[in-house]
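Q: Dropping the structure in here first, questions after.
The values are calculated or read from the model by the stated rules, or taken from the named source; none is laboratory data. The shown structure was predicted, so the numbers you read here are calculated from the model rather than taken from an experiment. Because the Cβ atoms are built from the backbone with ideal geometry, glycine has one as well, and the counts that use them run over all protein chains shown.
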Amino acid sequence: MSTNPPESGQSAANSTPATSNDVPKPNSVSELPQETLNFAAKCFDLARNGDEATLKPHLDAGLPANLTNSKGNTLLMLGAYNGHISLVRMLLAKGADPDVCNDLGQSPLAGAIFKNEEEVVRALIDAGADPRKGTPNAIECARVFKKEEWLTLLGATAEERTKELGNINVGPPPMAGG
């Protein structure tokens, strides 16, 4: 009997079966196969376009709900920014974190406020999104756009409603294409 370990994907009679943990994992995106990168890009396009019916089976099969693209935008960020309420609800139900910010520190909630997507804002708040997360945060965005009714929904304090905003850049967020 051979004392050499089995090749990856094989098992020997007296050894532990090969598992997915035996397969080398890439250390960076640059190590991923092109077909994987193309698939990920397709999934981000599906989220951006609100194609819930096509995206959901991929999530059911194990696609991470918090997958991020090269700009740090999640599927939820792209869906929220583009006003796709049904997709947003599905992603939240699949475990998407409403507080994951992109590489510029923008949250899905602030993006939805920027785009005046009331249903999306409410869904994100209902899912526990933190209105103080991100730069600028959702409360600051609501103030810049004079959305007084949203300040109440967001739970803005008296201080947050009146403090000096300074030089806040709220738009346009880079999420439109990224």
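Q: When you go through (1) hydroxyl-bearing (Ser, Thr, Tyr); (2) touching a residue at least 60 places away in the same chain (Cβ under 8 Å); (3) touching a Lys or Arg at 6+ places or on another chain (Cβ under 8 Å) one by one for residue 107, which number turns out not to apply?
A: (2)
Q: Could you name every one of the helices (runs of 4 or more DSSP H) located completely within region 110-170 that has at least 3 residues being of a type in the set (A, V, I, L, M) and farther than 19 Å from residue 88 by Cα?
A: Per the criteria, 138-144.
Q: List pairs: first residue in region 60-79 and basic (Lys, Arg), second residue assigned to a loop (DSSP other than H, G, I, E, B) and buried (at least 17 other Cβ atoms within 10 Å of the Cβ) anywhere in the structure, Cβ distance under 9 angstrom, at least six positions apart or on different chains.
A: 71/102; 71/178
Q: Within region 79-86, does at least one residue satisfy the condition of being in contact with a Pro (Cβ under 8 Å, 6 or more places away or on another chain), closer than 27 Å to residue 160 by Cα and part of a helix (DSSP H, G or I)?
A: yes
Q: Under 15 Å from the mean Cα position of the chain (by Cα), aliphatic (A, V, I, L, M) and surrounded by 18 or more Cβ atoms within 10 Å (Cβ to Cβ): is that true of residue 129 in this structure?
A: yes
Q: I'd like to check something: does region 58-77 contain any residue that is within 17 Å of residue 138 (Cβ to Cβ), in contact with a strand residue (DSSP E or B) (Cβ under 9 Å, 6 or more places away or on another chain), part of a strand (DSSP E or B) and modelled with pLDDT of 95 or more?
A: Yes, region 58-77 contains at least one residue that is within 17 Å of residue 138 (Cβ to Cβ), in contact with a strand residue (DSSP E or B) (Cβ under 9 Å, 6 or more places away or on another chain), part of a strand (DSSP E or B) and modelled with pLDDT of 95 or more.
Q: Also, I was wondering about something else. Run residue 106 past the list (1) surrounded by 17 or more Cβ atoms within 10 Å (Cβ to Cβ); (2) assigned to a loop (DSSP other than H, G, I, E, B); (3) touching a strand residue (DSSP E or B) at 6+ places or on another chain (Cβ under 9 Å) and report the number of the one that doesn't hold.
A: Going through the list (1) surrounded by 17 or more Cβ atoms within 10 Å (Cβ to Cβ); (2) assigned to a loop (DSSP other than H, G, I, E, B); (3) touching a strand residue (DSSP E or B) at 6+ places or on another chain (Cβ under 9 Å), residue 106 breaks only (3).
Q: Taking the condition at pLDDT 75 or above and under 24 Å from residue 76 (Cα atoms), does residue 161 pass?
A: So residue 161 does not fit the description; no.
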